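Contents: one structure, followed by commentary.
The values are calculated or read from the model by the stated rules, or taken from the named source; none is laboratory data. Here the structure is a predicted model, which is why all the values come from computation and not from measurement. Glycine also receives a Cβ, built like all others from the backbone with ideal geometry; neighbour counts cover every protein chain displayed.
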Amino acid sequence: MLDLIKEEYEALKQRLAIKQQYAHVFETPEGQLVLHDILRMAGLASNGFDANPNTMAYNEGRRAVALHILSRLRLENERAAADLINMRAAKDMPNLNNLFERTTN
């Protein structure tokens, strides 16, 4: 069970790191321009419907990329996750009681 907890903890650290890197890239003025260009190209603000199923699948694929980027930029739980990573860094294990308290608040 301890191995499973360690694996989940490491996976959480990796997810947080990638979210922070997305935020770092897209928070710059250049990153904002690129993000807006990607969202425009993906047709996020338009209806992806097309009578041709291949065209519709293509449109939905472009849209999925934009949605993926936006989901990576949602950082509402970043603070709690950062606290988790910094908790007990010397032992490299989370304090599970603090983790559960933070997620229920």
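Points worth noting:
- Residue in the stretch 23-37 that is in a loop (DSSP other than H, G, I, E, B), within 14 Å of ARG72 (Cα to Cα) and without any contact (Cβ under 8 Å) to a residue 40 or more places away in the chain present: yes
- Applying the condition of being surrounded by 13 or more Cβ atoms within 10 Å (Cβ to Cβ) and not hydrophobic (A, V, I, L, M, F, W, C) to the stretch 35-64 and asking which residue is modelled with the lowest pLDDT yields GLY48.
- Selection within the stretch 20-41 - within 18 Å of the chain's Cα centre (by Cα) and hydrophobic (A, V, I, L, M, F, W, C): ALA23, VAL25, PHE26, VAL34, LEU35, ILE38, LEU39
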